[in-house]
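Some notes on the structure that comes next.
The values are calculated or read from the model by the stated rules, or taken from the named source; none is laboratory data. It should be emphasised that the depicted structure is a prediction, and the values quoted were computed from it without experimental measurement. Here the Cβ positions follow ideal geometry from the backbone for every residue, glycine too, while neighbour counts run over all protein chains shown. In case anyone asks, the SASA skips ligands and DNA or RNA and just uses the protein heavy atoms, side chains included. Shrake-Rupley method; radii C 1.70, N 1.55, O 1.52, S 1.80 Å.
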Amino acid sequence: MDPRFVGHVHALRLALTDPRFPAATVRGALTAQPEARPALARAVTAADATAWTSGNGGGAPTAAPARALGSAASREREAASAVVPATVPDRAGEAQPPFGPAPGPGADLSGAAVAPGPATRAGETVGAGQAADGFAAPSRSTAAEAAMHGAADAHSRVDDLAAALDAEGVPVHRPELGVLVAAVPADAAARAAARDAVDVVDDERVRLRSAVKSRDGFFTTFCISPYSRYIARWCARRGLTPNQVTTASLVTALIAAACAATGTRPGFVSAGVLLIASFVLDCTDGQLARYSLQYSTLGAWLDATFDRAKEYAYYAGLALGAARADGDDVWALALGAMVLQTCRHVVDFAFNEANHDATGNTSPTAALSGRLDSVGWTVWVRRMIVLPIGERWAMIAVLTAFTTPRITFYALLIGCALAACYTTAGRVLRSLTRRAERTDRAVRALAELTDSGPLAELVARAAPRGMRSYLAPLAAALGAAAVLAGTAAAGFGSWVPVGCAVLYAVLAGVAVTAPLQGPLDWLVPPLFRAAEYGTILILAACSEVNGALPAAFGLVAAVAYHHYDTVYRIRGGTGAPPHRLVRAIGGHEGRTVAVTAAAALLHHQNQGFTIALTALAAALALAVLIESIRFWVSSGAPAVHDESGEPA
């Protein structure tokens, strides 16, 4: 850090304590993670040599070093400390003369510990000047502008080192500071102006505001975030970690599910209250991570999977409660809600992966959407229509407390179906009117999202090449329609669903024969999910075998976990789970054939189908959980969390 630095402490937190990036910098301050430290050591050595040559060749050095760098060994130690040189700001945000080692990337300059780590929990940092809570952030003061960009800014050797890292190809993150100040004043007048700019802006208020997602649902923005951010600050000041809050949210949701399973009105009321409490904690964990910059790979995995685990466990609790209360069997509705919700998410994931980095990505439909977003009230209406997690959980909680589980599931299914139609139709229109070139990364991501197994691969190798652009979604749609319609028409115990499942496997192989580069090819993964999950649901519902629907619920939950795990790995840039795992669990088409065959072979046995579904669910859960846990606790796990603000 340049000893002349003047600025906000939170500006330094954003740059120096965030472990997600190989290197990060603001004006006059630089930090590097272990992977960037060799490049930093080389830059320090080169800068030292340049300063020595300039100082002994008759000319003054262009930038006097803030501290003598000493021997090569000391330079290596300095680079390893990840901040050059070692100066620490005082509480007012002004750097003091060096007096010891600089804070590393895991140090919280406010005094609260921040755990270092190579991965992220919260994704992209919300800019301090963004309207993170739905309100406009204050504009930068004139004094801040003068301090940051005025002619009185001094040349800083630290900034030269950041430029040298850029030149070596090391990605240097430069956080968006918004109204925060980070300056290196050249003279007393500029220093006074910078101090005034620091005094004008309350960085704690900015820190609280930036702890909240810049885009979220109506219920979350106006009913949860106004106070959950203060809970996050309370947790930070007591040393609690985001992972602990995430775990507390899961435990609260599981208790809510247990209350719902009692089947009593007090139990239903308690379940609704606890579900909202779980959601408050769910918002708090991400806000705590952003507030204190505590990011971890484990946190990314927990946050990515616990939301679905909480929601689906609650569905199971409602189904148990309905049976206990008045003998009402709503397991088919619970499984239908899980299938519909998971398919909705796959539509979101597949569309975003197919288009987020496409070139020439223009569409009249997208332009119309942008114009609608410019009208304030339409923004919130459109966010509520898609029934994001906040609105969805609030509806479930209220209906649980005051109605019956059957009514709750009916409302949930209708709401999710309307939301799915709205979002899918809009994305189809965008895709048909969009002029875009899909990247190789997007094609690879769509192929991995299909989760194709050995049967589909065998057909794909034998099928002719050079398919038309719309053949992939057409083949997937025909296959899904064939297996779902055939299973529903033939009923439980017939061999017709087996034949339809084999036809589905053939058409699934045809769909993935060519690279998924067509405008609607992102529909292929959600069509496969609908076919597999829907077939299991229909067979279990038609079987009238005791325990078949709960067993089918467990099987779909295990498979859905595998698919969510695949999504978050792709988002992190590490690709899908190992192909050997996908082959071992059969792929979507192999599992569909296996379930239909089990129904045909075991229909005459009293509990045979239930036992088969339970065994398959246990085997799949064991296989995918072992691989998932191994991956997410490994050093190669990605930095991944949804901070786009797209409400799930």
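In the calculated pair-distance distribution of segment 203-253, the portion above 19 angstrom amounts to 33 percent of the Cα-Cα pairs.
Take the Cα of R461, step 7 Å toward its Cβ, do the same at R441, and the gap between the two points is 3.1 nm.
Using the Cβ-Cβ distance between W380 and T50 with R0 set to 41 Å, the FRET efficiency works out to roughly 0.15. Take the convex hull of the alpha carbons in segment 493-617; its mean projected area over all directions comes to 7.9 nm².
Carbon-plus-sulfur accessible fraction, segment 383-489 (probe radius 1.4 Å, protein heavy atoms only): 70%. The residues of segment 462-571 present an accessible area of 34 Å² per residue when probed at 1.4 Å with all protein chains retained. Quick one: go through segment 216-235 and flag any residue whose amide nitrogen is under 12 Å from the point 7 Å out along the Cα-to-Cβ line of V269. Residues passing the 12 Å test: none. On segment 288-352, 60 percent of the accessible area sits on carbon and sulfur atoms, based on a 1.4 Å probe. Here V398 sits with roughly 80 square angstrom of accessible surface, probe radius 1.4 Å.
Within segment 504-627, what whole-number % of the accessible surface is contributed by carbon and sulfur, with the 1.4 Å probe and all protein chains included in the calculation?
67
Note on segment 285-348 and segment 394-426: Cα centroid distance 14 Å, given to the nearest whole angstrom. Between the alpha-carbon centres of segment 509-536 and segment 586-607 there is a gap of 21 Å. Given R0 = 30 Å, the distance between the Cβ atoms of A481 and R630 translates into a calculated FRET efficiency of 0.20.
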